[in-house]
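Below you'll find the structure, written out as C-alpha cells, and then a few comments.
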Ligand code: PMP
C-alpha cells in the first residue's frame with residue numbers, strides 16, 4: 001500500500017500500524033459487534049479504552065502520582081483561555097515568554113483575564129531563536145510562567161527549560177509532546193492538542209499538578225479543571241474515537257521502545273534534513289538559529305521566491321505533501337513528527353539535494 005510522504009504540520013501523519021489496527025477493529029471492537037464510535041461513553045468497553053489511554057500516557061511520560069491527566073476538547077486554543085481562567089491570580093498577574101505566534105495567542109487570551117507581563121520575547125529578531133535563559137525575567141511573585149516548548153510555525157524548540165522554583169511553569173507542548181524525554185515534575189501544567197504526536201484532532205491532553213486544581217464557582221463548569229478531574233474527563237461526552245486512536249498511538253509508541261527510542265529516531269530524522277540544508281552552501285537557508293532548531297518542524301527558504309515555488313511544485317509532483325511554510329511566514333516547512341518514517345525523511349533529503357544540483 002502506497003502511503004503519502006506526509007509532512008503536514010497537524011493534523012499530521014499517523015503510524016500505518018495504528019490505522020490498520022483501527023481498520024481491523026472498525027466494525028467490531030473487541031467482540032462488541034459495534035465500532036468504538038457507537039459505544040456508550042459510560043460502557044465498560046469504552047471505560048477500558050479511556051483508562052488505557054491515560055495509563056499509557058502516564059507510563060510513557062513517567063508522570064508522577066501528584067499529577068492528573070485530562071482529555072479535553074477545544075484544542076490547545078481553549079487552553080490559552082482555561083489556563084488563565086483557572087490559574088491566574090489577578091493580584092499577581094502572569095508571565096509569558098514569546099517565541100512565536102502561538103505564544104502570542106496564549107498571551108492575548110490571558111490579557112482578557114488579568115494582568116500579564118512579557119518575561120522575554122524573540123519577536124524583534126523574527127522569532128529565529130529561543131531566548132537565552134539569562135535573558136528571561138519574571139516578577140518575583142507571579143501566578144505562573146508560560147512558554148511554548150516547540151514553535152510549530154518558526155521551527156524553534158526549547159532545549160532547556162527555565163528553573164522557575166515555586167512558580168508553576170505552564171507549557172504548550174502541542175507540537176513536541178512525547179517526542180523526547182522530559183521531566184514532568186518541572187512543570188505545573190502541560191497541554192497539547194493531539195493532532196501532531198498523539199493522534200487525531202479532537203482531543204487535547206492536559207497534565208496538571210494536583211495542588212493547582214482549585215474549585216471556583218464563578219467559572220463556567222466546562223472551563224474548570226476541577227470539573228474534569230472530578231469526573232475523570234467524563235463530565236460530558238468525550239471525543240471517544242479520538243481517545244481510542246490516542247490509545248493506539250500510545251501503544252505503538254510503547255511497542256517502538258518508548259519515548260527514549262522515539263527521541264533517538266527523531267534526532268536521526270531531523271539530522272538528515274538539517275544536513276541537506278547545512279551542506280547546500282547557502283542554497284537552502286534554515287529559519288531557526290542552530291541552537292534553537294526544532295526536531296519536529298524544519299523551516300527553510302531557497303534563494304528566491306521563484307525557486308521556492310518551483311521547489312514546492314516539483315516536490316508536490318513527487319508526492320511530498322505539506323511542505324509549504326505556514327501562510328504567515330512563507331518558505332518551506334517539513335514537519336517530521338513521531339509517526340513520519342525515517343525513510344520519508346531520507347527521501348526528502350535526497351530530493352532536496354537533487355533539486356539543488358539541477359537548479360544552482
Ligand atoms: N499551540 C501550538 C504550538 C500549535 O502548533 C497549535 C496548532 N498548530 C496550537 C497551539 C493550536 O492548537 P489547536 O488547533 O489544537 O487549538
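Quick note: the coordinates plus some simple rules give every number you see, no bench work behind them. Because the structure is a prediction, the values reported are computed rather than measured. Ideal geometry is used to build each Cβ from the backbone, glycine not excepted, and the neighbour counts take in all protein chains shown.
Some values worked out for this structure:
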read-out: Gain on full stretching of the segment that runs from residue 51 to residue 357 - 0.36 nm per residue minus C-alpha separation; value: 104.9 nm
read-out: Rule-of-thumb Rg ratio for segment 151-251 [Cα; 2.2 N^0.38 Å; N residues]; value: 1.17
read-out: Cα shape, segment 257-359, gyration tensor, a/c 1.5 rule; value: prolate
read-out: Which of 347, 204 has the fewest Cβ neighbours within 10 Å, and the rest in rising order; value: 347, 204
read-out: Ellipsoid semi-axes in whole angstrom, largest first, where each is sqrt(5λ) of the Cα gyration tensor of the chain; value: 33, 28, 16
read-out: Relative contact order [Cα under 8 Å, 6+ residues apart], segment 257-359, whole percent; value: 31 percent
read-out: Spacing of the two label points (7 Å from each Cα toward its C-beta) at residue 310 and residue 214, in nm; value: 6.0 nm
read-out: Separation in nanometres of the label points that stand 7 Å from Cα toward Cβ, at residue 279 and residue 112; value: 4.9 nm
read-out: Computed over the chain: relative contact order in percent, which uses C-alpha pairs under 8 Å that are six or more apart; value: 23 percent
read-out: Cα-based Rg of segment 1-130 normalised by 2.2 N^0.38 Å, two decimals; value: 1.46
read-out: Convex hull volume of segment 196-322 per residue (C-alpha atoms, cubic angstrom); value: 203 Å³
read-out: Per-residue Cβ neighbour rank within 10 angstrom, fewest leading, 345, 332; value: 332, 345
read-out: Backbone N under 17 Å from the residue 4 label point (7 Å along Cα→Cβ), restricted to segment 312-331; value: 312-327
read-out: Spherically averaged projected area in nm², based on the convex hull that wraps the Cα atoms of segment 154-193; value: 3.1 nm²
